[in-house]
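Here the structure comes first, spelled out in structure tokens, and everything after it is commentary.
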Amino acid sequence: MAFTDADRRRAKEIIARYPHAKSALLPLLHLAQDRDGWVTPDAMEEIAGLLDLTPALVLGTCSFYTMFKREPAGSLVVSVCTNVSCLVNGGPSLLEGLRAHYASDDDVFVEEVECIAACDLAPVMQVNYEFHGPVAPDAAVDVIGQYQRGELVARTVSGTSLPETAGSKSGGTA
């Protein structure tokens, strides 16, 4: 979906904050994703025009960062790490299990990501960018179910359970 007049005004405000317009690329990608839940091809074209960049450069930036989605994503974004520590501790099995379990669920978007800097939690996943690990496939389904039901979900970081967080159904960005 192309930007609305209000989106263009907001984009110009964002661009004005930077000495070089190109520096506003990431915030504008966030603006587009926050509106549509993903960065549409039309939004990438619009951003390219606003920043006097090529559409290829905008696409390249968008595809580099896993936080930007280039296809519609569900309201729950589940990111599973399969890099070295997670690889040897079951990350690929976790990913396969979740993809199979949620294959027909449009509300849950399961993606493979590179290192998410939580090697001590391997295998680790994020649900809407909140860390959970180490986690087995069955336990991961339970955690995702808590988010789906809007329950408070305890996050795990470095083996410590953190205060519960609301199981937000909004597809937030980092």
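Here are some notes:
- Top-ranked residue of segment 109-122 - restricted to ones that are touching a residue at least 12 places away in the same chain (Cβ under 8 Å) and part of a loop (DSSP other than H, G, I, E, B), ranked as farthest from the chain's Cα centre (by Cα): ALA122
- Per this entry, PHE68 is counted among residues that are out of contact with any strand residue (DSSP E or B) (no Cβ under 8 Å at 6 or more places or on another chain) and of a type in the set (Phe, Trp, Tyr).
- Filtered by the rule that a residue be without any contact (Cβ under 8 Å) to a residue 60 or more places away in the chain and within 19 Å of the chain's Cα centre (by Cα), segment 123-134 gives PRO123, VAL124, MET125, GLN126, VAL127, ASN128, GLU130, PHE131, HIS132, GLY133.
- Among the candidates LEU31, LEU51, the residue that is among the hydrophobic types (A, V, I, L, M, F, W, C) and under 18 Å from TYR129 (Cα atoms) is uniquely LEU31.
- Scan of segment 15-34 for residues that are farther than 20 Å from LYS69 by Cβ and in a helix (DSSP H, G or I), ordered by number: ILE15, ALA16, ALA21, LYS22, SER23
- Condition met for LEU95 (assigned by TED's automatic domain parsing to the domain that holds TYR147, among the aliphatic types (A, V, I, L, M) and part of a helix (DSSP H, G or I)): yes
- Unmet criterion (only one of (1) part of a loop (DSSP other than H, G, I, E, B); (2) loosely packed, with under 14 Cβ neighbours inside 10 Å) for LEU87: (1)
- Between VAL39, VAL58, the distinction of being surrounded by 12 or more Cβ atoms within 10 Å (Cβ to Cβ), touching a Leu at 6+ places or on another chain (Cβ under 6 Å) and under 29 Å from ILE116 (Cα atoms) belongs to VAL39 only.
- Flag for HIS20 being outside the structural domain of PRO134 (by TED's automatic domain parsing), in contact (Cβ under 8 Å) with a residue 60 or more places away in the chain, surrounded by fewer than 19 Cβ atoms within 10 Å (Cβ to Cβ) and not charged (D, E, K, R): no
- Residues considered: SER63, SER79, SER23, SER75. Of these, the only one that is of a type in the set (Gly, Ala, Ser), under 30 Å from PRO137 (Cα atoms) and out of contact with any strand residue (DSSP E or B) (no Cβ under 9 Å at 6 or more places or on another chain) is SER63.
The values are calculated or read from the model by the stated rules, or taken from the named source; none is laboratory data. The shown structure was predicted, so the numbers you read here are calculated from the model rather than taken from an experiment. Quick reminder, even Gly has a Cβ in these numbers, built from the backbone with ideal geometry, and neighbours come from all protein chains shown.
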